[in-house]
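The values are calculated or read from the model by the stated rules, or taken from the named source; none is laboratory data. Source: prediction; values computed, not measured. A quick note on method: Cβ atoms are made from the backbone with ideal geometry, for glycine too, and the neighbour counts reach across all protein chains shown. Ligands, DNA and RNA are stripped out before the accessible areas are found, and what is left, the full protein with its side chains, is counted by its heavy atoms. Shrake-Rupley method; radii C 1.70, N 1.55, O 1.52, S 1.80 Å.
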Amino acid sequence: MSKWTDIIYTKSPVWVQNLGITLYGMMWKERRFGGVFPSALKEARARESWGSDQWKDYQTEKLRGLLIHAFKSVPAYKEVYSERRLDEVFFSQLLLTDLPKLPILEKEVLRKSPLSFISSDCSQRKLHCYNTSGTTGTPLAIYLSSYGHQEMSAYYEARVRNWAGVNYRQRRAMIGGRLVVPRGVSPPPYWRKNWAECQLYMSAFHISSQTARLYADALKEWKPDYLVGYASSWFFLSRFIVEQNLKT
C-alpha cells in the first residue's frame, strides 16, 4: 500500500478498516486462486499417487528446464553460470545427484540486485513485488508473475492445507506481520476481519498476558477451522491462554 493509503487506514474507524481489508482481500484472493490455480491444483493432487520413478523423472525434467531457462534468460544466473563454465549442454544432462555441483545463491546477492533475477522475457510492470518478513535479517524483494503466484498457491493448497485436512475456503485466524492495528498503545480490538477470505487477522504486536483474554474471546466468537501465521506468536498466545485457564 502507498503512504497515503496507510495514513487513511490508520485514521479510519475499525469498521472502515475491516471494509478496506475485505476489499483488498477480494483482489488478493483472485490473484492467488484465479487463473491457472484450479488446473495446477488438480495436477498437483494427481501426482500424489505417483511412484518414486515417476517423481524422479518429473523432477529431473522440471529441473533441467528451469536451469536452462535461468541460464538463457536470467542475467544473474547467466553471469554466475558462465563464470563456472556451466552451459546449456551441462544442464540438459543434469541428474538430481548433480545438484551439489551448482553454486549456492546467497541472500545478500539477491538483496543487492533483485532486478537481475527477473527473466528477460518478463515485463517488470506485469510482476508483483513481495517482501519477506525479515525475521532472520533484512527483508528480500521477491518478484512473481500472477501465473507463478497461482501455481505456488496451488501447491501450498495441495501439500499444506489439504494434507492438514483443511482448504482455503474455510474460516481461519491468522497472526502475521502486517500492521492491521497501529503499533503502540491502541485500544481493542487487536484484530481485523477480512470477510472476502473468511480470515480473522490478529495483531502480533499486541499479544500479552493482559490482552490474552480478548484474543481468546475473539477466537471463540470467530470459530476458525484452522490457525496460520507466526508460530512464535501463537506459542506465546497459547501459553497465556493456558496459564490463565481461558476458554476458546
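Here are the numbers for this structure:
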| read-out | value |
| --- | --- |
| Helical mean residue ellipticity (222 nm; -39500 (n - 2.57) per DSSP H run of 4+; nearest 500) of the chain | -14500 deg cm²/dmol |
| Interchain or long-range residues, amide H under 5 Å from Leu140's placed H | Thr132, Gly134 |
| Accessible-area value, Met152, 1.4 Å probe, nucleic acids and ligands omitted, Å² | 100 Å² |
| Contour minus Cα-Cα distance for Ala196 and Gln170 (0.36 nm per residue) | 8.2 nm |
| Chain lengthening between Val160 and Val89 when straightened (0.36 nm per residue, less Cα-Cα) | 22.0 nm |
| Candidates Lys78, Lys56, Lys29, ranked by Gaussian network fluctuation over the chain, Cα under 10 Å, top entry | Lys56 |
| Nearest-20 debye value, the chain charge dipole, Cβ charges on Lys, Arg, Asp, Glu | 740 debye |
| Cross-link pairs Lys223/Lys247; Lys56/Lys107; Lys78/Lys101; Lys78/Lys112; Lys11/Lys247; Lys62/Lys101 - those with Cα-Cα distance over 21 Å | Lys56/Lys107; Lys11/Lys247 |
| Protein-only accessible surface order, largest first, of Thr211, Thr248 at 1.4 Å | Thr248, Thr211 |
| Tensor-based shape of region 57-167 (alpha-carbon gyration tensor, a/c under 1.5 rounded, otherwise prolate or oblate) | oblate |
| Prolate/oblate/rounded label for region 1-108 (Cα gyration tensor, a/c 1.5) | oblate |
| Whole-Hz couplings from phi, Karplus 6.51/-1.76/1.60, listed for region 231-248; x for Gly and Pro | 4, 5, 5, 5, 4, 5, 4, 4, 5, 4, 5, 5, 4, 9, 6, 8, 9, 10 |
| Under the Karplus curve 6.51 cos²θ - 1.76 cosθ + 1.60, θ = phi - 60°, whole-Hz ³J(HN,Hα) for region 107-123, x wherever Gly or Pro sits | 4, 4, 5, 5, 5, 6, 9, x, 5, 6, 9, 8, 4, 5, 8, 10, 8 |
| Three-way shape label, region 179-226, alpha-carbon gyration tensor, a/c 1.5 | oblate |
| Summed residue charge, Cβ within 12 Å of His128's Cβ, Lys/Arg positive, Asp/Glu negative | +4 |
| Volume in Å³ per residue [convex hull over Cα atoms, computed for region 118-234] | 147 Å³ |
| Kirkwood Rh and Cα Rg combined as Rg/Rh, the chain | 1.02 |
| Chain lengthening between Ser49 and Glu108 when straightened (0.36 nm per residue, less Cα-Cα) | 17.4 nm |
| Cα centre as origin, Lys/Arg/Asp/Glu Cβ charges: region 153-248 dipole, Debye | 100 debye |
| Derived scalar couplings ³J(HN,Hα) [region 36-52; Karplus, 6.51 cos²θ - 1.76 cosθ + 1.60; whole Hz; x for Gly, Pro] | 8, 3, x, 5, 5, 5, 4, 5, 5, 5, 5, 6, 5, 8, 5, x, 5 |
